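Here's the structure, in structure tokens; my notes come after.
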Amino acid sequence: MTKTLDLITVGRSSVDLYGAQVGGRLEDMASFEKYIGGSPTNMAAGTARLGLKSALLTRVGDEHMGRFIREQLAAEGVNTQGVITDPERLTALVLLGIRDEEQFPLIFYRENCADMALSEGDVDEDFIASSRSVVATGTHLSNPRTEAAVLKALELARKHGAQTALDIDYRPNLWGLSGHGDGENRFIASDAVTQKLQSTLHLFDLIVGTEEEFHIAGGSTNTIEALRAVRKVSSATLVCKRGADGAVAFTGDIPDSLDDGESGPGFPIEVFNVLGAGDGFMSGLLKGWLDGEDWPTALTYANACGALAVSRHGCAPAYPSWTELQFFLERGVLRPDLRNDEILEQVHWATNRKGDWPTMRVFAFDHRMQLEEMDGATPEKIGAFKELCLDACQQVAQGRNGYGLLCDRRLGRDALYKAAGTGLWIGRPVELPGSRPLEFEPEIGPDCGGLSEWPLEHVVKCLCFYHPDDTEKERKMQEARVKRLYAAARRNRLEFLFEVIPSKVGPVDDMTTATIIRRFYEIGVYPDWWKLEPMKTDAGWSNAVNAIEENDPHTRGIVVLGLDAPQEELAASFKSAAKFDLVKGFAVGRTIFGEVARQWLTDKIDDETAVAEMAQRYSQLCEIWDTSSAEAKWPANKG
């Protein structure tokens, strides 16, 4: 069978609820961040970020948390064929906290959980045969049912010529050796656990663990003796993790000193969070191992991934992309607290964003002031009209990728909430309409703390009337507010769309927008998206695109705004903008809904007519953009 996968990880899959507050007891945590968790799940995501074709074999519950894991894995690029939905059991949960550099309290909620119901019947031979390797973790050897599933997967892997690896992943309380409140404990000696592990070690080509984990596998608290005991029953390459001292690999006999093993360079960084660091390390190691790199190179990848992991909050979200790992290895450590390295964190954020939006056809009905000024408008009627806008948007999108909307909460709450989970790109404004200097809607708050209430799929959209010729006082005031908003968006893991319209406040030329773009990058604002007014010349577009690309090679791109222009005028602006690859599409509103809203708010047309008319106009704009984009690319394709 053709090997379509690089690795399949087998075992635990849970939802990590990470205490958002740092430096206190778990008892005092007031809120939690939600991530995927469990060593095999983390490794599947970590290796996918590094470019490997990974898959996971596990069970999750038939509920929200199980769907969360499945959706997150798919977003990371992990094959979910082996993620089985258990109709009876709940997805496992883990509560974790960061108290200080040495204390990381955690509680496993795993009583009769879904992943511990994994059985031999869940292991499909064709699925295992499709992978170059199978990676197991020790926890699933602790129960006869899950052990049988792991052993079957390993036997099938060896039958079909795949390599096998074990992350010992020793958690004493998951072997029933200590109580629920002892999740932080990493070592309790147990002859029974040692015997169980040693009965399987001969099945692996690679075995990885900390010194304590090799102590349990080898039955000795002397690391060299433990490694030699493992070597007696396994010819696998043994990789021993040594914390700040890096890691060493042994392919043959175990020498008298750990220092005599093969090693890669370590990284002098500040430890912020050790939870999940081993899975990050393993992700880097597997990347090097499966790519056929020598052990010093593989260990360099592993050490770097581990260093990045211990520097950030969370487990899987902390792991680097391949682009980020290369950047880190080439540039090196500039400051030990990596999470505060702004350039590194920008690369991390930008290369690990979820979703792919190569084309953006956005129906913008986030307008508030313009609708409020229309005859017949009331907050209730505007809200109902925005639901019709959503209906029109969905009618055109038909569930396809590349379509989206802009909608506010103050007047469009019901439409905004109904759009959740539909697959549409969702942008949501924060600015007080028409404000200059920039002010935020009351729900956002002066500290932008209101963003903590936003779903992660919502994109923060901010319109700023800004011009390079503004007075210094005006510029600094607006820049400070945009920086505050941008920082809050990042802290809350929300993407940021920045819209600038200089033409409303001053004269513009071919350099005006480019100058504004460079200024905001200069003060540390890196939008995921730019929303720009149509340029009058190709030179204007070229200057703007260059200003973005020279500062942020990983930006999502640009969408063109409409400014209530007639369709013919928009068609001309689309044709000009589509020449530039960084321009991904449009975000247009009043051209689509303006006249319809005026008629509907005064009861001249009914709901069905309003939806049909807006859908037609929106569809026409989509067709105009798609045609313009295709024509712009056609000369290159023809050549």
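Before moving on, here are some points about what is shown:
- The C-beta contact set for segment 355-370 (first residue assigned to a loop (DSSP other than H, G, I, E, B), second residue small (Gly, Ala, Ser), distance under 6 angstrom, 6+ apart or interchain) comprises Thr359/Gly402; Thr359/Gly585; Phe365/Gly589; His367/Gly589.
- Residue ID - farthest from the chain's Cα centre (by Cα), chosen from residues in segment 342-361 that are open to solvent by less than 60 Å² (accessible area, probe 1.4 Å) and basic (Lys, Arg): Arg361
- Residue in segment 169-184 that is open to solvent by less than 60 Å² (accessible area, probe 1.4 Å) and within 19 Å of Gly82 (Cβ to Cβ) present: yes
- Meets criteria (open to solvent by 70 Å² or more (accessible area, probe 1.4 Å) and either over 22 Å from Ala544 (Cβ atoms) or part of a strand (DSSP E or B) (or both)) for Pro433: no
- Some residue of segment 514-521 being crowded, with 19+ Cβ neighbours inside 10 Å, out of contact with any strand residue (DSSP E or B) (no Cβ under 9 Å at 6 or more places or on another chain) and within 28 Å of Ala571 (Cβ to Cβ): yes
- Subset tally (residues that are of a type in the set (S, T, N, Q) and surrounded by fewer than 24 Cβ atoms within 10 Å (Cβ to Cβ)) for segment 272-283: 1
- For segment 384-414, the candidate set comprises residues that are open to solvent by 10 Å² or more (accessible area, probe 1.4 Å) and of a type in the set (Gly, Ala, Ser); within that set, the residue that is nearest to the chain's Cα centre (by Cα) is Gly399.
- Selection over segment 487-513 of residues that are outside any loop (DSSP other than H, G, I, E, B), within 17 Å of Ile558 (Cα to Cα) and touching a strand residue (DSSP E or B) at 6+ places or on another chain (Cβ under 9 Å) gives a count of 6.
- Some residue of segment 457-472 being surrounded by fewer than 18 Cβ atoms within 10 Å (Cβ to Cβ) and in a helix (DSSP H, G or I): yes
- The residues on offer are His348, His367, and the sole one that is closer than 30 Å to Ala302 by Cα and modelled with pLDDT of 95 or more is His348.
- Selection count where residues are over 17 Å from Glu431 (Cβ atoms) and in contact with a helix residue (DSSP H, G or I) (Cβ under 6 Å, 6 or more places away or on another chain), scope segment 465-491: 1
- Test result for Arg339, basic (Lys, Arg), part of a helix (DSSP H, G or I) and surrounded by fewer than 24 Cβ atoms within 10 Å (Cβ to Cβ): yes
- Ala309 closer than 27 Å to Arg491 by Cα, of a type in the set (A, V, I, L, M, F, W, C), free of Cβ contacts under 8 Å to residues at least 40 places away in the same chain and surrounded by 24 or more Cβ atoms within 10 Å (Cβ to Cβ): yes
- Any hit, segment 162-175, residues being more than 22 Å from Ala298 (Cα to Cα), more than 33 Å from the chain's Cα centre (by Cα) and not basic (Lys, Arg): no
Residue-by-condition table, conditions (1) open to solvent by 10 Å² or more (accessible area, probe 1.4 Å); (2) modelled with pLDDT of 95 or more; (3) closer than 18 Å to Ala165 by Cα; (4) of a type outside the set (A, V, I, L, M):
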| position | (1), (2), (3), (4) |
| --- | --- |
| Ala236 | no, yes, yes, no |
| Leu285 | no, yes, yes, no |
| Trp295 | yes, yes, yes, yes |
| Gly314 | no, no, no, yes |
| Trp322 | yes, yes, no, yes |
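The values are calculated or read from the model by the stated rules, or taken from the named source; none is laboratory data. Model, not experiment: these values are computed from the prediction. Every residue, glycine among them, receives a Cβ derived from its backbone with ideal geometry; neighbour counts consider all protein chains shown. Side chains are part of the model used for accessible areas, which takes the heavy atoms of the whole protein and leaves out ligands, DNA and RNA. Shrake-Rupley method; radii C 1.70, N 1.55, O 1.52, S 1.80 Å.
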